[in-house]
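S.K.: Before I ask anything, here is the structure I am working with.
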Amino acid sequence: MRIGIGYDVHRLVEGRKLILGGVKIPYPKGLEGHSDADVLTHAICDALLGAAGERDLGEHFPDTDARYKEICSLELLKEVGGLLAGKGWTIENIDSVVVMETPKLNPFKQKIKEKICETLGLDSDRVNVKATTTEGLGYLGRSEAVASYAVCLLKKGDGFLF
Ligand code: MG
């Protein structure tokens, strides 16, 4: 078994959609980035790559590559899942936290979880999505950005999950 950790932050700006875990969240601002800037999905990708010893998301999908401009990050997650499956890894579980002051993520957590499970071909009890605030402290508390953390556990074996 191997564990991995992922962390990401993207700035909240005008004129962008807010996409978290592949789900569009109604909000006047969105996350800035080369792709759709889905900060949660990026953290999950990095946790998975890290556990497999496969470097990081930026190395696999550089933000200088026009192919990834505005790309839906679930497509990147799907590729990461395929890469791991190809090397014989199965995903035991993924846990994650989104840190944002506004908007409240509660109404969207279930949908986000479903999207991630669907993308990776996982049963719904293998992925968990949590949300928290920083109680108004710092740049996250001022809603200048959204951060995400993720951890995962991988197993070498069966391959039936993909
Ligand atoms: Mg990112």
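The values are calculated or read from the model by the stated rules, or taken from the named source; none is laboratory data. Every value quoted in this text rests on a predicted model; they were computed, and no experiment measured them. Using ideal geometry, Cβ is built from the backbone for each residue, glycine included, and neighbour counts are taken over all protein chains shown. Surface areas here come from the heavy atoms of the whole protein model, side chains and all, with no ligands, DNA or RNA. Shrake-Rupley method; radii C 1.70, N 1.55, O 1.52, S 1.80 Å.
S.K.: I'm trying to understand the selection: among the residues of segment 3-33, which are open to solvent by 90 Å² or more (accessible area, probe 1.4 Å) and in a strand (DSSP E or B)?
M.R.: Ile3, Ile5, Tyr7, Arg11, Glu14, Lys24, listed by residue number.
S.K.: Filter segment 22-46 down to residues that are under 30 Å from Gly157 (Cβ atoms) and either more than 13 Å from the ligand (Cβ to nearest atom) or free of Cβ contacts under 8 Å to residues at least 12 places away in the same chain (or both), then give me how many there are.
M.R.: Residues flagged as under 30 Å from Gly157 (Cβ atoms) and either more than 13 Å from the ligand (Cβ to nearest atom) or free of Cβ contacts under 8 Å to residues at least 12 places away in the same chain (or both) within segment 22-46 amount to 1.
S.K.: Hey, another quick one. Leu122 - would you say it is in contact with a Leu (Cβ under 9 Å, 6 or more places away or on another chain), open to solvent by 50 Å² or more (accessible area, probe 1.4 Å) and modelled with pLDDT of 95 or more?
M.R.: no
S.K.: Right, here's the next one. State yes or no: is Gly58 touching a residue at least 24 places away in the same chain (Cβ under 8 Å), out of contact with any Leu (no Cβ under 7 Å at 6 or more places or on another chain), surrounded by fewer than 23 Cβ atoms within 10 Å (Cβ to Cβ) and small (Gly, Ala, Ser)?
M.R.: Criteria not met by Gly58.
S.K.: Tell me whether segment 64-74 contains one or more residues that are open to solvent by less than 40 Å² (accessible area, probe 1.4 Å), closer than 27 Å to Gly157 by Cβ and assigned to a loop (DSSP other than H, G, I, E, B).
M.R.: No, because not a single residue in segment 64-74 is open to solvent by less than 40 Å² (accessible area, probe 1.4 Å), closer than 27 Å to Gly157 by Cβ and assigned to a loop (DSSP other than H, G, I, E, B).
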